[in-house]
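Undergrad: What follows is a single structure, and I will ask about it in a moment.
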Amino acid sequence: MLDGKLVVLRGPSGAGKSTVAKLLHGRVTNKTALIDQDYYRHTMFNNLHSDLEAPRYVMFAGIQAALDHDYDVIVEGFLGMGKYKAYFDELLGHHHTENYFFYFDISFDETLRRHSTRQKGSQLTIERMKELYSRTGPAEYPDECIIPEVASPEQACQLIIETTGMPVLVS
């Protein structure tokens with residue numbers, strides 16, 4: 001039985017998922033694992049343009065292991081439902097409660113603007129960004145929360161804390 005909370009932060013490139021995930025991870029007081037999709041795709045496997053089945057499998061094995069050991073798990077990344085829905089469905093088949101999905105809803109123009117300010121901003125062409133953007137959108141899981149483009153990282157973090165009930169450090 002998986003007992004920790006599962007908190008999934010999804011959205012297009014430059015939406016603020018990594019920033020919010022790190023903010024949240026630094027504030028929570030429970031045992032918490034931070035799972036960054038890019039780590040598996042670009043660092044552990046270094047195969048951005050090849051078969052991504054192994055990185056997905058290993059990432060979800062890590063999520064399940066952390067949940068099995070009573071960790072709350074924050075998962076952040078693009079996590080397009082075309083490729084990741086089957087993995088999430090399988091995980092949710094074992095983890096029936098305390099599942100929270102958040103989608104960072106930003107326009108394509110804002111995605112381009114934000115992505116251009118990032119260190120890895122030159123890695124993707126506008127055409128590739130359009131292709132990736134077309135694969136994103138809400139996952140349509142029950143109670144999925146939409147985080148609007150106008151939300152600051154602080155506001156998004158606070159919304160996640162309030163929605164999930166994750167205990168945080170008091171300042």
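Any read-out appearing in this document is the output of simple, stated calculations on the displayed coordinates, not a laboratory observation. As the structure is a prediction and not an experimental result, all values here were calculated from the model. Because the Cβ atoms are built from the backbone with ideal geometry, glycine has one as well, and the counts that use them run over all protein chains shown.
Undergrad: Above 21 angstrom, tally the Cα pairs of the chain and express them as a % of all pairs, no decimals.
TA: 46
Undergrad: Compute the distance from the alpha-carbon center of the stretch 8-41 to that of the stretch 65-141, in whole Å.
TA: 10
Undergrad: Could you give the dipole magnitude of the chain about its Cα centre, charging the beta-carbon of Lys and Arg +1 and that of Asp and Glu -1, in debye to the nearest 20?
TA: 620
Undergrad: Compute the relative contact order of the chain as a whole-number percentage, counting only Cα pairs closer than 8 Å that sit 6 or more residues apart in sequence.
TA: Computed value for the chain: 38 percent relative contact order.
Undergrad: Which shape class applies to the stretch 75-171: rounded if a/c is under 1.5, otherwise prolate when a/b exceeds b/c and oblate if not, where a ≥ b ≥ c are the square roots of the Cα gyration tensor eigenvalues?
TA: Oblate.
Undergrad: In addition: Tell me, what HN-Hα J-couplings in whole Hz come from the Karplus equation 6.51 cos²θ - 1.76 cosθ + 1.60 at θ = phi - 60° for each residue of the stretch 3-12, using x for Gly and Pro?
TA: Per-residue couplings from phi come out as 10, x, 7, 10, 10, 10, 10, 10, x, x Hz.
Undergrad: On to the next question. For ASN99, list long-range residues whose amide hydrogen, built 1.01 Å from N in the peptide plane, is under 5 Å from its own amide hydrogen.
TA: LEU6
Undergrad: Where does the charge balance sit around ASP70 when Lys and Arg score +1, Asp and Glu -1, over other residues with C-beta under 14 Å from its C-beta?
TA: Summing Lys and Arg as +1 and Asp and Glu as -1 gives -2.
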